[in-house]
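The values are calculated or read from the model by the stated rules, or taken from the named source; none is laboratory data. Please read these numbers as outputs of a predicted model, since none were measured by experiment. Cβ: placed from backbone, ideal geometry, glycine included. Neighbour counts: every protein chain shown.
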C-alpha cells in the first residue's frame, strides 16, 4: 500500500471544515477511488480554539498560512482562505514555487491572477486544481475542460450565484421586493452581512471569467466582464416576466463569435421552457454549447460546506491518481488571446417597463423616440387604466443594439410623462 | 513536439464516422487540449467502398477488426462495432491482452463483460475507457467516477434511452398512441427498424448496470436489472398523468440502501416539478445523489454521431494526457460485491387505471381487493359517467409493496366488471 497523500489545509471556515469532514466521513471510499488514503496532516487558521465540528488534534498547526507551503511533510496544499490578494495569494504562489500541488476553491484568485499562477504551475510541472471555484459541487470545470474537450464551444451560460438565485426565486414565489428577500436570505445564511460581492454580480463575474477562459482557450480576463447585479430588479418586473412567458435570472453569459469573445453578467429574461428557467433557489446551473455535443446542462448546489468539500476532494483524488490537466485546459503557449467584444456592441431584444402618466399622447412620444433610434417593437402592453395617474407600460423590442437602446432610454427617461427611471432587462433567447 | 497519438478505429457506422469527423474538424483544438495530435492511422469495417462522409484514403485497412489489435503502428484501439459478443468482444480482448489502450462506445459489451474486461485492463495496466457508452455526449461517467468521487452516492436515476424519450414526448405532445409514435420515430431515424433493444428497455438497462457499478463500486451486474419497456404505455395514461401533475418517463433507477442495491428500468410517473420531467425528445439526463454534493443533474444529447463522437474523443484526449482512471472507479480488489434487492421487495406508490363497467358496486369491489392486500388509497378519480358502459377509473395508492400489488392486480383483473388488463405505472417521488 502506498503511503497516504498528506494534505495541508489553510483556512478552516465553511470550506476548509467541509473538506475535513468529507475526508473523514468517506475515508474508505475515497482511498479506494484515489488508490491511496488521503490524510490531513497540517492546518493553518486564525483561531486555534474555535469549534468547527472537526477535530484538529494531532495536526501540525501554523499561524502563518504561507509557512504551510514549506512543511516537508505536506504533499498537497488546499487553500480555503479566500480573497484575490493577501495570504491566499501568497500561499498559492509559495506552494507552486516550491513545486507543491495546490487545490483551491478561490474564484477571486483564479479570475484575477489565474494566468500568472497557471504559468508558475506549468513551469514547475505541478497541478493547480480549482473545481470548487465554480458552481460548487457541480463538476463544471471537469466537464468543460475534459468531458467536452473535443468540442469548439460557442457559448457557456450559467446561474453562478446561489445567493442571487435564491433572492430572485423568493421574490417570484412570495411576491417580495429585493430588500425583503435579501434580508430573509441573510437570516437563513444564504447571503452575507455585506452582500455586495453576491448581489452586485462580482462573484458571478469571477466564475464567468474562469468558464470563458476554459471554454475558449484564452487567458482569463476578469476585467473584461460586463457586470450588473440584481438590486434593480423589482417584484413587478418579475410578475410581468411571468405573464410574458419568461423568468428573470442573473446569468453569466460567455460567447465566442466572429468578432471575439463577449462576457457579461446581468439580470436576464429567460424563456420559461428553457431548462435553466427551472433552476431555482440556491441551485446553480451551467449550460455549455459545443459544435458536436450540442447543448449540455449541468445543475446542482453551488455553495455550502458539503458541495464545496465534494469538489475539493475530487481534485485531491485526481492528484492522488496522477491525473493532471493544464490549468486552462491547454499549455500556456497554446492559449490564444482573443479580442473582447465590448458591451456597447451587444445586441438583442429588450424588455422595458415604464411608469407613465395615463394620458393621451404618452405612448406616441415613447414609441417615437424608439423609432428615432431604429428600434422596432414586438409588443406593447399597458397594464390597467387610471386616467391621469401612473400606469405601467411594458414594451418588448425586436433585436436592437445596446448603444441605440442606451441613447433612446436617456431620452425616454427625460419625458415629462415618464415618472420613474425605466426598468430595462435584456431578453436572452438561449 | 511529441509524435501524434495513432488511433485504429474498428467499425465505421454512425459512431466510427462521427469520431473521424470530430478528429478532423477540431484537430487544432484537440491537439492543444491533448498536448499532441491525435491521428487515425488504421481502420476496419465491412465495406471498403461505402461513402461515409469521411475519407479513409491513406489509412491502413483491415477486413478483420481483430487484426487491428496487432498493428504495431496503432497506439489506441477505438471499438465502434457494437454488440456484446462477436468481433467487438474479440477485438477489445485482443487489444487489452496486447497491452493496448481501448476506447469503446459499447454499452452491451461493458454491461455484460465489463468485469472481466476491467480485470484484464488492470492486469495489463492499460486504460479501457467508455464515456460514450452511457448518455452519449453527456460526460456522465466522468462526472460520477471522478467529479463526484468524494461522495457516497445513494441513488442514480436516468433518462437513458433517447428513442423511448422521443416516443413518450411525442405521445404526450401530439396525443398519439405508442405504435404511431414509434412509426414516426423510425421515419425520422430516431428508432431502428427492429426497435426491441430500445423500446423494451434493454439498452437503458445496459446503461443503468454500468452507472450502478460506477456509483456504488460493485462489479457490474446486468443480469440483476429489472427491465420493463414502454410498449404498454397508452396515450390515455399520459394524459391522466398530466392531470395528476406527473410526466411519464422511462427511467433507469439504481439505489443503494441498507439491504443492498436495486436496479430497475420501467415507465415511471415523475412529479412535473422535478428537473427530469422537462427533459424531452431525444435528450437524456442523469441525476446523481451524493451525501455531500446533494443532487446533481446532467442533461444533453444521448445519441447521434456528434455527441457520441464527442465522448469518444474526450476519452482519447484523456489517454493522450496520461489521465487514467480504473474502469469501475477503483481497483478490482476494492470493489465490493453487494447484495441485489429483487424487484419483489420494491415498494412505492402506484398509479392504476382500470376500464370498468359504470355500474354500482364496481368501485367497492376494487377497493375491497386493495384493502384485503393492505393497500391504502391516496386518491380515486372516475373520469366521466356513462351508465353500463366502459369508464376509466384512476387509483393512486400510498406506498405499498410490489408483491401485494401484484397479488391485488391479479384479483382485480379477474373481476367481471373490469374490461381490460389494468394499466399500472409506478410513481417515483425522486
Q: Being farther than 12 Å from residue B:107 by Cα and not in a loop (DSSP other than H, G, I, E, B) is the filter; apply it to the stretch B:127-140 and report the residue that is farthest from the other protein chains (Cβ to nearest Cβ).
A: B:128
Q. Just one of B:254, B:215, B:241, B:273 is within 13 Å of chain A (Cβ to nearest Cβ) and under 24 Å from residue B:351 (Cβ atoms); which is it?
A. B:273
Q | Considering residues of the stretch B:369-399 that are modelled with pLDDT of 95 or more and more than 20 Å from residue B:427 (Cα to Cα) only, the residue surrounded by the most Cβ atoms within 10 Å (Cβ to Cβ) | A | B:369
**Q.** Test result for residue A:71, assigned to a loop (DSSP other than H, G, I, E, B), surrounded by fewer than 20 Cβ atoms within 10 Å (Cβ to Cβ) and at pLDDT below 95
**A.** no
(Q) Any residue that is outside any loop (DSSP other than H, G, I, E, B), without any contact (Cβ under 8 Å) to a residue 12 or more places away in the chain and either surrounded by fewer than 20 Cβ atoms within 10 Å (Cβ to Cβ) or within 16 Å of the chain's Cα centre (by Cα) (or both) - is there at least one of those in the stretch B:205-215? (A) no
**Q.** Close pairs (8 angstrom Cβ cut-off, 6 or more residues apart or separate chains): on the phi > 0 side of the Ramachandran plot in the stretch A:156-179, assigned to a helix (DSSP H, G or I) anywhere
**A.** A:175/A:235; A:175/A:239
(Q) For residue A:118, only one of the following conditions fails: (1) on the phi > 0 side of the Ramachandran plot; (2) surrounded by fewer than 24 Cβ atoms within 10 Å (Cβ to Cβ). What is its number? (A) (1)
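So that you can scan it fast, the table gives a plain yes or no per residue for (1) over 22 Å from residue A:281 (Cα atoms); (2) at pLDDT 95 or above; (3) more than 9 Å from chain A (Cβ to nearest Cβ):
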residue	(1), (2), (3)
B:285	no, yes, no
B:293	no, yes, no
B:299	no, yes, no
B:303	yes, no, yes
B:312	yes, yes, no
B:317	yes, yes, no
B:329	yes, yes, no
B:337	yes, no, yes
Q. Across the stretch B:4-59, what is the total count of residues that are assigned to a helix (DSSP H, G or I) and in contact with a helix residue (DSSP H, G or I) (Cβ under 7 Å, 6 or more places away or on another chain)?
A. 12
**Q.** Any hit, the stretch A:357-368, residues being touching a strand residue (DSSP E or B) at 6+ places or on another chain (Cβ under 6 Å), at pLDDT 95 or above and crowded, with 19+ Cβ neighbours inside 10 Å
**A.** no
Q. Pick from A:6, A:27, A:39, A:10: which is within 14 Å of chain B (Cβ to nearest Cβ) and either closer than 21 Å to residue B:291 by Cβ or buried (at least 17 other Cβ atoms within 10 Å of the Cβ) (or both)?
A. A:27
**Q.** Test set (1) under 26 Å from residue A:104 (Cα atoms); (2) assigned to a helix (DSSP H, G or I) - residue A:191 fails condition number
**A.** (2)
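Matching residues to (1) surrounded by 22 or more Cβ atoms within 10 Å (Cβ to Cβ); (2) part of a loop (DSSP other than H, G, I, E, B); (3) under 20 Å from the mean Cα position of the chain (by Cα):
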site	(1), (2), (3)
A:292	yes, yes, no
A:296	yes, no, yes
A:300	yes, no, yes
A:309	yes, no, yes
A:312	yes, no, yes
A:324	no, yes, no
A:337	no, yes, no
A:353	no, no, no
